[in-house]
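The values are calculated or read from the model by the stated rules, or taken from the named source; none is laboratory data. None of the values given here were measured: they were computed from a predicted structure. We place every Cβ from the backbone using ideal geometry, glycine too, and count neighbours over all the protein chains shown.
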């Protein structure tokens, strides 16, 4: 297989992952609308290239730390779709056994140690995973995914400094979707310069087209290689756009001055359509796209059925796991 | 047996844990500097290297979060906050993250981190260099909170905290650093959640935390001279606290005074009083008394400090009051 075939294979896998994330989230949106899902769900529709591209550059034992909008991160890192769907349904078979819902996803076997909704909270935890990797000499990389809103927090700046100071193998991935709940970027900061935080704190930084999955994958690959080689952390500012509102399936057209116009523009930059266009140019047939997409839809429907049919947690478990009983030594 | 100061006992526990377990490391502000840590961490960086003894920037959020992330991924960090007041900048990683993750993820993730906070009051340092906010952390499910009062417990509780699978707040008091006591040279554990009877007595149970336990020992002597036989319990752990021992003592004496050098409202003394009143009310022969700090920030002027802080004298009065 030559290099371009190899790249084509990767791109096809990334296209499939992006389709999976989108189909899952569109389905979650429908189930929220009809009242079957109650937990707050923050959808990343339009932003799928970032988790797909970044996670393609990772090893299974690299760690991932996410936030409230992390369905895509979980799936792209190898999280189990059925367990995620069951979690969102609040079922005992969920990845957090019904304690987490959409905003708290976990799969330690895949290096997904946790996604939590407190904005920026997992950024320093990813730094700690990097410190752990460095002290143990494992060359594992840790990745923190967060939105542009998280860069307004002190956690972000302190963490960049610490990771740079100790040259830790950490990848900071800012998914700059231009909104923090309802506030646009320019309502929150004077300059549109998140990427410059990297230079300020002494680490590598790059602004990436977050709607181009191969560009994301390539930037992440370089950052991961740098981290694994002991050459320190990287901040990637991935420019993208949130098609849906802050939470739930609605588009939140009332926010921002230019939401409707922006949305129209960004739909033209759909990461899935762009990837599909390139794959078509490489000779992938319409039938092939359709059969791949149909398989994804079947997989998602199967996960929804699994979640529906799963039992609720037993209320006798209410007070379990407040503390772990196992000892450290 | 060999005698060591409280601060030296803390240092010995660190050194032995660092030597014994490659997963243990130390991170925090001033770990190399006696101005922050007294002798409690002296020269650990020289002995174990600066990779494992990390003197950090004033970034409470990032260092605390980093210790938590390292704990989740297999390390045994000891995090050092030289002032408890400053640790409040890390309330999110401690209260929202470390405390929650085991429950949130149904026990699949654990956070075996030790978060050491120093209470460093007095000396006209004022409101933001003096606070003792242990109750704030004892309030949070998922955290354990220990407060050693003797050199023996200072060492043994640190060992237990590092070996526990949960986040443990280890709170030491700078006013205890020079106090001396017997400390075995070997590594040993003092179980978390177990209080100690420092003196048996028949008339009144006096439960004290941390520095107040050392003050209580003086109060008990004064009271003995007046023919009052006090049972003194050093609580040692405030979350979980040793209900069985306190209840059995109150069952015997029927009278209870609780001393905690922290604000009176919503404090650990309030929690113990409410538990005793709710669970063994029938055993009580008199109202419960508390010896705590007034509900005001710490002042600076030495004259005001003198009026603000409580100790043996206030405990003597409280014990006499519950015997009236």
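Applying the condition of being part of a loop (DSSP other than H, G, I, E, B) and surrounded by 23 or more Cβ atoms within 10 Å (Cβ to Cβ) to segment A:85-95 and asking which residue is farthest from the other protein chains (Cβ to nearest Cβ) yields A:89.
Among the residues of this structure, residue B:263 counts as one that is more than 17 Å from residue B:199 (Cβ to Cβ), in contact (Cβ under 8 Å) with a residue 24 or more places away in the chain and either touching a strand residue (DSSP E or B) at 6+ places or on another chain (Cβ under 7 Å) or in the same structural domain as residue B:145 (by TED's automatic domain parsing) (or both).
A quick yes/no check of all residues on (1) assigned to a loop (DSSP other than H, G, I, E, B); (2) at pLDDT below 90:
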site	(1), (2)
A:235	no, no
A:242	yes, no
A:257	yes, yes
A:262	no, no
A:265	no, no
A:269	yes, no
A:280	no, no
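Give the residues of segment B:103-121 that are facing chain A (nearest Cβ under 10 Å), surrounded by fewer than 24 Cβ atoms within 10 Å (Cβ to Cβ) and either touching a helix residue (DSSP H, G or I) at 6+ places or on another chain (Cβ under 7 Å) or in contact (Cβ under 8 Å) with a residue 40 or more places away in the chain (or both), sorted by residue number. The answer is B:108, B:109, B:110. Evaluate segment A:157-168: report whether one residue or more is surrounded by 24 or more Cβ atoms within 10 Å (Cβ to Cβ), assigned to a loop (DSSP other than H, G, I, E, B) and in contact (Cβ under 8 Å) with a residue 12 or more places away in the chain. So far as segment A:157-168 goes, yes, one or more of its residues are surrounded by 24 or more Cβ atoms within 10 Å (Cβ to Cβ), assigned to a loop (DSSP other than H, G, I, E, B) and in contact (Cβ under 8 Å) with a residue 12 or more places away in the chain.
Summed over segment B:155-178, the residues that are within 12 Å of another protein chain (Cβ to nearest Cβ), in contact with a helix residue (DSSP H, G or I) (Cβ under 6 Å, 6 or more places away or on another chain) and part of a loop (DSSP other than H, G, I, E, B) give a count of 1.
Screening segment B:22-79 for helices (runs of 4 or more DSSP H) wholly inside it with 3 or more residues that are within 12 Å of chain A (Cβ to nearest Cβ) returns the ranges B:60-72. Among all residues of segment A:76-84, there is at least one that is within 14 Å of chain B (Cβ to nearest Cβ) and touching a residue at least 40 places away in the same chain (Cβ under 8 Å).
Of all residues in segment B:237-250, those being over 13 Å from residue B:279 (Cβ atoms) and either free of Cβ contacts under 8 Å to residues at least 40 places away in the same chain or in contact with a helix residue (DSSP H, G or I) (Cβ under 6 Å, 6 or more places away or on another chain) (or both) number 2.
Of the residues making up segment B:256-282, those that are surrounded by fewer than 18 Cβ atoms within 10 Å (Cβ to Cβ) and part of a helix (DSSP H, G or I) are B:274, B:275, B:277, B:278, B:279, B:281, B:282.
Taking the listed residues B:193, B:181, B:142, the one that is assigned to a loop (DSSP other than H, G, I, E, B), touching a residue at least 40 places away in the same chain (Cβ under 8 Å) and touching a strand residue (DSSP E or B) at 6+ places or on another chain (Cβ under 8 Å) is B:193, with no other qualifying. Selection over segment B:234-243 of residues that are surrounded by fewer than 24 Cβ atoms within 10 Å (Cβ to Cβ) and outside any loop (DSSP other than H, G, I, E, B) gives a count of 2.
Within segment B:33-69, if we keep just the residues that are surrounded by 17 or more Cβ atoms within 10 Å (Cβ to Cβ) and free of Cβ contacts under 8 Å to residues at least 24 places away in the same chain, the residue that is nearest to residue A:120 (Cα to Cα) turns out to be B:62.
Right, residue B:191: within 14 Å of chain A (Cβ to nearest Cβ) and buried (at least 24 other Cβ atoms within 10 Å of the Cβ) or not? In short, no. Among all residues of segment A:177-193, there is none that is in contact with a helix residue (DSSP H, G or I) (Cβ under 7 Å, 6 or more places away or on another chain) and within 14 Å of chain B (Cβ to nearest Cβ). Hey, can you tell me all the residues within segment A:116-154 that are more than 10 Å from chain B (Cβ to nearest Cβ) and assigned to a strand (DSSP E or B)? Hits for segment A:116-154 are A:143, A:145, A:146, A:147.
Scanning segment A:26-59 for residues that are in contact with a helix residue (DSSP H, G or I) (Cβ under 6 Å, 6 or more places away or on another chain), buried (at least 20 other Cβ atoms within 10 Å of the Cβ) and part of a helix (DSSP H, G or I) gives A:49, A:50, A:51, A:52, A:53, A:54, A:55. Evaluation of residue B:74 against the conditions (1) more than 20 Å from the chain's Cα centre (by Cα); (2) within 21 Å of residue A:101 (Cα to Cα); (3) surrounded by fewer than 24 Cβ atoms within 10 Å (Cβ to Cβ) shows that the sole unmet condition is (2). Could we say that residue A:136 is within 22 Å of residue B:50 (Cα to Cα) and either modelled with pLDDT under 95 or out of contact with any strand residue (DSSP E or B) (no Cβ under 6 Å at 6 or more places or on another chain) (or both) here? Yes; evaluated as a whole, the condition is true for this residue. In segment A:293-308 there is no residue that is in a loop (DSSP other than H, G, I, E, B) and either surrounded by fewer than 11 Cβ atoms within 10 Å (Cβ to Cβ) or facing chain B (nearest Cβ under 10 Å) (or both). Among the conditions (1) assigned to a helix (DSSP H, G or I); (2) within 13 Å of chain A (Cβ to nearest Cβ); (3) surrounded by fewer than 21 Cβ atoms within 10 Å (Cβ to Cβ), the only one that residue B:152 does not satisfy is (2).
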